[in-house]
1. Would you mind putting 200-208, 166-174 in packing order, based on average other-beta-carbon counts within 10 Å, highest first?
2. With viscosity set to 1.567 mPa s and temperature to 4 °C, compute the Stokes-Einstein D of the stretch 154-248, Rh being the Kirkwood radius across alpha carbon pairs; µm²/s, no decimals.
3. Which of the residue pairs Lys105/Lys174; Lys81/Lys167; Lys61/Lys122; Lys61/Lys179; Lys81/Lys175; Lys105/Lys175 have a Cα-Cα distance greater than 29 Å in the structure shown?
4. Arranged from highest to lowest average of other beta-carbon atoms within 10 Å per residue, in what order do the peptides 212-219, 157-164 appear?
Amino acid sequence: MSFDRLDRIIDSFLEREKKEKDREIFKIRQYVFDERTVRNMLSLFNRGIITDFNWIISMGKEAAVLSGIGQQGEIAIKVYKYVSSFRRHLDYMVGDRRFPSSPRKIIEMWARKEYRNLVRMKKADVRVPEPYGVSGNVLVMQLIGSDGVPAPHLREVELENPELVLKMILDDVKKAYYKARLVHADLSEYNILYWRSLPWMIDLSHAVVVDHPMADDLLRRDIQNIVRFFQRRYGVSPPGDYVAGDLDKDTEGEDRASSGKIRLD
């Protein structure tokens with residue numbers, strides 16, 4: 001596929017979306033499908049990772065997410081906008097040896113960071129989207145949902161068994177920490193999807209390695225965010241071992257490498 005052909009496909013896609021305001025279409029063309037982004041998408045098309053895309057399913061200040069089709073089936077295409085500020089994210093990258101700070105490359109580094117975090121989480125059997133590829137500012141992963149529609153967020157559903165779902169989320173937090181050696185660092189009901197009766201973590205770009213200087217504080221905040229949501233919505237508290245600092249033991253019962261307990265208070 002050539003650059004010009006992909007550019008025409010994008011124009012056709014935007015024409016289909018013209019039921020929205022013309023001003024919004026202009027913003028999408030300018031800020032999401034700029035020339036550099038189109039070239040990055042072209043690379044993923046030519047590698048077979050993307051074969052088609054449908055529509056935008058999420059639009060944020062820093063990234064847009066499109067649904068599409070790839071060799072593995074339905075995909076989510078996350079486009080980090082080049083026209084955005086990632087200054088506030090530097091705190092998550094300082095101290096992470098994998099990604100030294102570089103203002104010129106910060107956005108593409110952020111996309112690679114999320115891709116690698118997804119790979120590590122998936123290998124650790126944490127419930128996250130399967131990562132398929134990354135090129136520049138474009139990340140392709142499994143769509144958590146069906147028919148081009150993403151699954152609802154945790155905050156948007158009423159759970160039949162909230163105690164079980166809370167335990168599954170906390171178990172994934174533990175597996176991420178002890179097996180993937182990562183902390184999500186931005187976990188809440190807003191970035192957990194509920195699909196096929198299971199919770200799925202998303203938005204892994206903020207995740208930090210466990211030896212990051214802020215890792216324990218971020219882990220504590222993640223747990224507090226989730227527990228407060230379940231207590232507020234369902235009146236459900238976590239198992240006693242979590243409250244007592246059970247994260248000091250890994251899933252096989254081995255002692256945690258670092259000292260100090262992670263408590264909910």
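1. The most tightly packed comes first, giving 200-208, 166-174.
2. In µm²/s, the coefficient rounds to 96.
3. Pairs exceeding the cut-off: Lys105/Lys174; Lys81/Lys167; Lys61/Lys179; Lys81/Lys175; Lys105/Lys175.
4. Working: 212-219: 17.8, 157-164: 12.8.
Top to bottom by mean Cβ count within 10 Å: 212-219, 157-164.
Just so you know, all these numbers are worked out from the coordinates, no wet-lab data involved. Model, not experiment: these values are computed from the prediction. Note that we place each Cβ from the backbone using ideal geometry, even for glycine, and neighbour counts take in every protein chain shown.
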